[in-house]
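The values are calculated or read from the model by the stated rules, or taken from the named source; none is laboratory data. All of these numbers come straight from a predicted model, not from anything done at the bench. FYI the Cβ positions are ideal-geometry reconstructions off the backbone, even for glycines, and counts take in every protein chain you see. SASA here: full protein model, heavy atoms, side chains in, ligands and nucleic acids out. Shrake-Rupley method; radii C 1.70, N 1.55, O 1.52, S 1.80 Å.
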Amino acid sequence: MRLNRSNSLGLLAAVMIIAVDQWTKYMASAELSYGLPVEILPVFDLTLQHNTGAAFSFLADAGGWQRWFFTIVSAVVSLVLVVWLVRLRSSQTLMIASLSCILGGAIGNLWDRIVLGYVVDFISIHYQTWYFPTFNVADMAISIGAGLMILDIVFNPEHHKNDTGSGDKAA
């Protein structure tokens, strides 16, 4: 299968997300002390955390098996995303952007999990005593990608219709 320009740009965007994610995690690990917040704004801190679980530290205290489980799941999902991305038509720009963000974020966190055994998180949003779980650039990319996917489903429903065998096939 031959890549079109949009698919190629999508893959390049995913690589750029991975690079920015890994660079920011490196900087956070090098410059921040673990667990000690550095206030940027009254509602925004940089706080180095290590997440051995999944989103929102789900299964973080499961005893270690979760590292390999989440590594395998992330690797399979990343492979599916690459295949899906390269199969999209060039006119499906919103879905290409969506999958690029999700892919870049998934691989950014996958890399941490494989190399470090945990995901580096450092962005902390809070208000008074309420704290949103600490996250990173990869998590932001995944969230943005999910939002773009929802927009694509809403605004481009013709891209998501199943072939029912009625002879009305999309080009």
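Look at the range 11-38: where a residue is in contact (Cβ under 8 Å) with a residue 40 or more places away in the chain and a partner is assigned to a helix (DSSP H, G or I) and aliphatic (A, V, I, L, M), sitting 6+ places away or on another chain with Cβ atoms under 6 Å, you get Ala14/Leu103; Ile17/Ala141; Ile18/Ile107; Val20/Val137; Asp21/Val137; Asp21/Ala138; Thr24/Val137.
Under the condition of being open to solvent by less than 30 Å² (accessible area, probe 1.4 Å) and either touching a residue at least 60 places away in the same chain (Cβ under 8 Å) or among the hydrophobic types (A, V, I, L, M, F, W, C) (or both), the residues counted in the range 112-136 number 10.
Number of residues in the range 70-111 that are of a type in the set (A, V, I, L, M), closer than 23 Å to Phe122 by Cα and open to solvent by less than 10 Å² (accessible area, probe 1.4 Å) equals 1.
So if I check each of Ile72, Ile17, which one is modelled with pLDDT of 95 or more, among the β-branched types (Val, Ile, Thr) and within 19 Å of the chain's Cα centre (by Cα)? Reasoning before the result, please.
Working: Ile72 fails: modelled with pLDDT of 95 or more.
Just a single option satisfies the conditions, and that option is Ile17.
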